[in-house]
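Since the structure comes first, as structure tokens, the remarks are kept for the end.
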Amino acid sequence: MTVNKVTSLNLEQKAALTSGAGWWDTVAYPDAGISAVVMSDGPHGLRFQETDADHLGLSVSAPATCFPPAVALASSWDTGLAHRVGVALGIESQSFGVNVLLGPGINIKRSPLCGRNFEYFSEDPMLSGELGVAWVNGIQSQGVGASLKHFAANNQESERMTVSADIAPRPLQEIYLRAFRRVIMEATPWTVMCSYNRINGLHAAQNSWLLTDVLRDEWGYDGVVVSDWGAVVDRVKGLSAGLDLEMPSSSGAGPAQVAAAVRSGALDEALVDRSASRLIELAAKSELGSRPGTTFDASEHHALAREAAINGAVLLKNDGAFLPLDPSAGQKIAVIGEFARTPRYQGAGSSTVVPTRLDNALDAIRGLAGDAGIAFAAGFTVDGEPEAAVDPALCEEAVALAAASDVVLLFVGLPASFESEGFDRQHIELPQEQTELIHAVAAVNNNVVVVLANGSVVRVSAWADNVPAILEGWLGGQAGGSAIADLLFGMANPSGRLTETIPLRLEDTPAYLNFPGEAGHVTYGEGLFVGYRHYDARKLAVSFPFGHGLSYTSFEYSNLRVIDADGGAQLTVTVRNSGARAGREVVQAYVKAPGSRVQRPERELKGFASVHLQPGESAEVLITVPRGEFAYYDSAAAAWLVEELEYSFEVGASIRDLRLSSTLAIHGEDFVAMVDRESTIGDWFSHPVGGPALRRLLEPVLLAFRSGAPEGSSRDRMIMGTRLGQLVQFPMIPVAEDDLDGLLELVKGS
Ligand code: BGC
């Protein structure tokens, strides 16, 4: 069918199909039965532009539900919720006639400075992958495609169009591509959006290793690769590399170059056919999935947005069970901070959604606790550039109110000018006037709850010790304000967990010395040691660790069992709600690989599950760790390998609150590293066939060289670094060229 449709088009028509018709749609050929595909941002709500179009969220779009951006949704660690939000987004897409929603963004949060971290899930690839799978499956269940972005290694906004992310093979595979791999292989998004940046020198948009060798040949992807908006550098090179669709329209320039390249013989027409066929396939899928006349229930979706904001908020600190507040206690409550009245609820840039309605925490608190005991002071302003926000009179008014109140709910956070698509942050501090306000308020009142609104972590160590409670609300979407009120007053029990470590200071962060790079390159010098992998390896204290989040109840863990399951592992653990309130616990499973032949992080997240429990109730929680999760990427073999090891399993409530542990031996895969003339004696000795043969040859030399010292002594270690080919150059070593040829012949067949 598809093939027939391609053959019915001439070269110009096929080339035109591989470029957008406008900002958001592809070319249609009604006579050939090929319809247009309509795309829209994304990811946490529809930014459907009916008139003026742009890719930076500048022009107005139609109202749609603004769900919590990825930072908050991910902090729920709740795949069921991510799926339901995906379903709701699919329904809203249908209501706007949108066939592909441009999300989710699953890039790794390499540095808290990345201006776009609010749009990404985590510093961990396993968590990002799981949530991505759930989200994509949710939206695609509604006949609407996802666009997995930004492929790949788009971990900063500084020079995002040009910078080369220079990454060694292992971190590239194990950290930066791993979540993409999982979502591609388990959820098959209809489209994948390539990033603007270069990877090891080559633009993603024309990187055939990335777009063809890895994405298609290794991972088996057969959907459409679309450029990020304006990411195409050389259209012909891009098409050859596997970039099917250029977006937005280049007003005919791209298609003309493609057609000319075919005519001149520089480009094989079969490659144009291949991309055009994929586009035709996408158009057919879109048409089939399309449900004209779909409407959505804005109240229902608002309620879902509220649930997501509740589950994504993280109670960082709660000394002496200070929270929840009792709404009927008749306390004088000061609500301080402009963010309580003017919420910061989503990030800036192409993902900006016009919400269907917007809750603010101040109104919601008044709704719950009554008007009488609630007084408000702005404390600071949030509009305009941050420098303009300092207003000593506002601060004084707020401090006076705090001094006269029983409890202070202090709403602080980052203004939009601090974090956005298109630029990175310079530091991880709150605006200075807000930090000063926290100090001043805490100096006159001991009962201060700090409520944070920010898209990526801020330093809290400057003031966290001065207040009994901190609630991290992130950017909570359009219902974030009422969600926070629900949590503060115990209508809901906090259960979100950190998907990114909160460091004591910026200087402790893994990429600190390598961000954002210079001279067009950024070196990922921390290698595998991203996020918690770094804090663990360096045994660094942090403000709040990965996976951390408190509850108004408590949970006990017992009876961890780990068994083999299809070459992977299956964990069961009993969790009991030992407190007085119903609540949700996020159970996390970390795996260690002691004795590995390669460098490994201390421990890595390999599974998680959440469980709702009534007071006193217990449940058996099941976590499956598929075999693939045990694999590391072997750079020499250029393959994923599972090592034969006794792995350790740790289960707990955060990476630094591990309650139970156990071990399981996992059967490994044989791998013999190739050896040749360039390999060292050490590598040769490790070879099962070449090792014994070379040892026999070198025996007399080794004995003499050791001069009585035992095997493995420093003398031996000196020799291990010698290159095999070098042996013939030393007169005292009785090894000739013929011997080397013999050795090479011997290992050839092994
Ligand atoms: C962003 C993408 C977005 C696209 C379309 C780009 O600038 O990086 O995430 O989907 O614009 O608006």
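The values are calculated or read from the model by the stated rules, or taken from the named source; none is laboratory data. All of these numbers come straight from a predicted model, not from anything done at the bench. Cβ sites come from the backbone with ideal geometry, for glycine too, and all protein chains shown count toward neighbours. These accessible areas exclude ligands, DNA and RNA; they are computed on the full protein's heavy atoms, side chains included. Shrake-Rupley method; radii C 1.70, N 1.55, O 1.52, S 1.80 Å.
Aspartates and glutamates within cross-link reach of Lys237: Cα-Cα under 20 Å, excluding same-chain residues under 8 positions apart?
By straight Cα distance, Lys237 reaches Glu12, Asp213, Asp217, Asp222, Asp228, Glu246, Asp268, Glu269, Asp273.
How large is the helix-only mean residue ellipticity at 222 nm for the chain, computed as the sum of -39500 (n - 2.57) over DSSP H runs with n ≥ 4, divided by its residue count, in deg cm²/dmol to the nearest 500? Show your work: numbers first, answer last.
Working: 20 runs with 212 residues, N = 750.
Rounded to the nearest 500, the figure is -8500 deg cm²/dmol.
How high is the FRET efficiency from Glu646 to Ser714, r the C-beta distance, R0 30 Å, rounded to 0.05? Let's see the in-between values first.
Values: r = 30 Å, r/R0 = 1.01.
So the FRET efficiency works out to roughly 0.50.
Per the 1.4 Å probe, what fraction of the accessible area of region 2-289, in percent, lies on carbon and sulfur atoms?
Working: 4280 of 8030 Å².
Roughly 53 percent, rounded to a whole number.
With N residues in region 682-738, what two-decimal value do you get for its Cα radius of gyration over 2.2 N^0.38 Å? Present the calculation step by step, with values, prior to reporting the outcome.
On the way: Rg = 11.0 Å, N = 57, 2.2 N^0.38 = 10.2 Å.
Output field value: 1.07.
Report, to the nearest whole %, how much of the accessible area of region 681-748 belongs to carbon and sulfur atoms, 1.4 Å probe, protein only.
Details: 2270 of 3990 Å².
Carbon and sulfur together cover 57 percent of it.
Calculate the radius of gyration of the Cα atoms of region 301-498 to one decimal place, then report Dmax, the largest Cα-Cα distance, as a whole number, both in Å.
For region 301-498, the Cα radius of gyration and maximum Cα-Cα distance read 15.5, 47 Å.
5 Å is the cut-off here: which amide hydrogens, built 1.01 Å from N in the peptide plane, fall below it relative to Val163, excluding neighbours closer than 5 in sequence?
Under 5 Å from the amide H of Val163: Arg198.
Can you give me the long-range amide H partners of Trp640? Hydrogens built in the peptide plane at 1.01 Å from N, cutoff under 5 Å, separation of 5 or more residues or another chain.
Correct list: Asp634.
So if the hydrodynamic radius of region 156-256 is defined as the Kirkwood radius over C-alpha pairs, what does Stokes-Einstein give as its diffusion coefficient at 37 °C and 0.692 mPa s, in µm² per second?
Using the Kirkwood radius from Cα pairs, D works out to 237 µm²/s.
Residue by residue through region 268-285, which ³J(HN,Hα) values in whole Hz follow from phi under the Karplus form 6.51 cos²θ - 1.76 cosθ + 1.60 (θ = phi - 60°), with glycine and proline marked x?
Couplings: 6, 4, 4, 6, 5, 4, 4, 5, 4, 5, 5, 5, 5, 4, 5, 5, 5, 4 Hz.
What's log10 of I(q)/I(0) for the chain at q = 0.05, 0.06, 0.10 Å⁻¹, Debye sum over Cα points only, no solvent?
Those come out to -0.29, -0.41, -1.02, one per q.
Karplus couplings for region 43-48 from phi (6.51 cos²θ - 1.76 cosθ + 1.60, θ = phi - 60°), rounded to Hz, Gly and Pro as x?
Those phi angles translate into x, 8, x, 7, 10, 8 Hz.
Just to be sure I understand: if I project the alpha-carbon convex hull of region 215-321 onto a plane and average over all orientations, what area do I get in nm²? Intermediate values should be presented prior to the final figure.
Details: hull surface 51.0 nm².
Result: a mean projected hull area of 12.7 nm².
How large is ³J(HN,Hα), in whole Hz, for each residue of region 478-494 in order, when computed from phi with the Karplus curve 6.51 cos²θ - 1.76 cosθ + 1.60 and θ = phi - 60°, using x for Gly and Pro?
After applying 6.51 cos²θ - 1.76 cosθ + 1.60, I find 5, 9, x, x, 6, 4, 5, 4, 4, 6, 4, 9, x, 5, 9, 9, x Hz.
Amide H neighbours of Arg659 under 5 Å, counting only residues 5+ apart in sequence or on other chains, H built in-plane at 1.01 Å?
Close amide H contacts, sequence-distant or interchain: Val651, Gly652, Ala653.
Give the angle, between 0 and 90 degrees and rounded to the nearest 10, that separates the Cα long axis of helix 125-140 from the longest principal axis of the Cα atoms of the chain.
Taking the Cα atoms of the chain, the angle to 125-140 is about 70 degrees.
Describe numerically, in nm with one decimal, the distance between label points set 7 Å from Cα along Cα→Cβ at Glu436 and at Thr574.
About 5.7 nm, to one decimal.
For the pair Met185/Ser554, report the inter-label distance in nm, with labels modelled 7 Å from Cα in the Cβ direction.
The two pseudo-label positions are separated by 4.2 nm.
Taking the solvent-accessible surface of protein heavy atoms with a 1.4 Å probe, what is the per residue accessible area of the chain in Å²?
Numbers: 27340 Å² over 750 residues.
Heavy-atom SASA per residue in the chain reads 36 Å².
So for the pair Ser461, Ser635, with labels modelled 7 Å out along Cα→Cβ, what separation do we get in nm?
Spacing of the two 7 Å Cα→Cβ label points: 3.0 nm.
Filter the cross-link list Lys539/Lys592; Lys109/Lys606; Lys109/Lys317 down to pairs whose alpha-carbon distance in this structure exceeds 20 Å. Intermediate results must be reported in sequence, preceding the final value.
Numbers: Lys539/Lys592 16 Å; Lys109/Lys606 18 Å; Lys109/Lys317 23 Å.
Violating the 20 Å Cα-Cα cut-off are Lys109/Lys317.
Between Ser251 and Gln426, what's the calculated FRET efficiency when r is the beta-carbon distance and R0 is 30 Å? Round to 0.05. The partial results should precede the final answer.
Details: r = 37 Å, r/R0 = 1.24.
Given R0 = 30 Å and the Cβ-Cβ separation, E is 0.20.
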